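The values are calculated or read from the model by the stated rules, or taken from the named source; none is laboratory data. Here the structure is a predicted model, which means the values were calculated and not measured. Quick reminder, even Gly has a Cβ in these numbers, built from the backbone with ideal geometry, and neighbours come from all protein chains shown. Keep in mind that these areas ignore ligands, DNA and RNA; they rest on the heavy atoms of the full protein, side chains included. Shrake-Rupley method; radii C 1.70, N 1.55, O 1.52, S 1.80 Å.
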Amino acid sequence: MASSLRAFVAPAQTAATAAVKVEKDVVVGKAGGTDIRCDVYRPPAGTEKHMALLHLHGGGFARGSKDTLAPKLTPITARGYLSVALEYRLSGAAKWPAQLDDIKAAIRWVRANAGSLAIDATRIATVGYSAGGHLALTAAGVADTQLAACVAFYPVVELSKDNVLALLPPGSDDATVRSASPLSYVKAGFPPTIIFHGLADVTVPPESSEHLLQQLRQAGVPSELHTFAGVPHEFDAHPEFAQACAPLVDFFLEREILNPRTYPPFAGGRGPAGG
């Protein structure tokens, strides 16, 4: 890693990051006899923006754990957001829509505990990574979650044959497959969405995020896509990228959710000074 990039992200690695507090294995609901658990990361005192981010790990729907998320979510938590890392049921234990049900249970728990969590119950966003990005987008699109925003890192947008076999019950019909596709839910009213993708990703092609952005724009959804040259899937496993993405997420949520504002159209042609 070039020293210049290390110098760029070093100021963000401050005492604020160390001041993030975590409460592990909080039970947010039950699925049959299984507890649905999460880890709650609280921002440093005095930085609170009173908004919750529900983080969903990747792993192809069949693997992964909330315990892998701490390095990725700590930088954005340090900027004042409450972060909740969810342990949803994997596809080996339960098929779709069990994962969506677990996410909905977590959202209900966050809303019900908004006071003790020091957040605004109307300001909850999903943040997903790879397969978790798929779940974050789908949860954002269903009508009964009423989420404020979505953040998707290298999301699985278009289900492949392998993903369908892993996630859905055997013999699922076309309607069930569509119900598990994030693109099925992109329409007017979809919450503001910011996407991140590495351009050297061969696990989830960056073109799929470009397609997602196109669909969001056609639906009139406030949306952005940020790409990074030369980096593969799960690029934010490197601390410098997690640190670099945090201010972009923060700026997007600040101007779309926390302090909404619009900008005057930019004038065409040359300015008064010829610039």
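Exactly one residue out of LEU86, LEU90, LEU137 is free of Cβ contacts under 8 Å to residues at least 40 places away in the same chain and either assigned to a loop (DSSP other than H, G, I, E, B) or open to solvent by less than 50 Å² (accessible area, probe 1.4 Å) (or both): that is LEU90. Checked against (1) open to solvent by 10 Å² or more (accessible area, probe 1.4 Å); (2) over 14 Å from the mean Cα position of the chain (by Cα); (3) closer than 15 Å to GLU23 by Cβ; (4) of a type in the set (Val, Ile, Thr), THR122 passes all but a single condition, namely (3).
Sort out which residues of the range 178-212 are touching an Asp or Glu at 6+ places or on another chain (Cβ under 6 Å) and under 24 Å from LEU168 (Cα atoms), and write them in order of number. Break it down stepwise before answering.
Within the range 178-212, the first condition is being touching an Asp or Glu at 6+ places or on another chain (Cβ under 6 Å), and the residues that meet it are 192, 194, 208.
Of everything in the range 178-212, just one residue is touching an Asp or Glu at 6+ places or on another chain (Cβ under 6 Å) and under 24 Å from LEU168 (Cα atoms), namely SER208.
Residues being open to solvent by less than 70 Å² (accessible area, probe 1.4 Å), farther than 21 Å from ALA94 by Cα and not in a helix (DSSP H, G or I) are entirely absent from the range 162-175. Scanning the range 99-118 for residues that are in contact with a strand residue (DSSP E or B) (Cβ under 7 Å, 6 or more places away or on another chain) and open to solvent by less than 20 Å² (accessible area, probe 1.4 Å) turns up ASP102, ILE103, ALA105, ALA106, ILE107, VAL110, LEU117.
When the range 60-83 is filtered for residues that are open to solvent by less than 20 Å² (accessible area, probe 1.4 Å) and not in a strand (DSSP E or B), the ones remaining, listed by number, are PHE61, LYS66, LEU69, LEU73, PRO75, ILE76, THR77, ALA78, GLY80, TYR81.
In the range 198-223, the residues that are open to solvent by 80 Å² or more (accessible area, probe 1.4 Å) never reach a residue that is at pLDDT below 95 and among the charged types (D, E, K, R) with C-beta atoms less than 9 angstrom apart, at least six apart or across chains. Scanning the range 122-133 for residues that are closer than 14 Å to VAL186 by Cβ and touching a residue at least 12 places away in the same chain (Cβ under 8 Å) turns up at least one hit.
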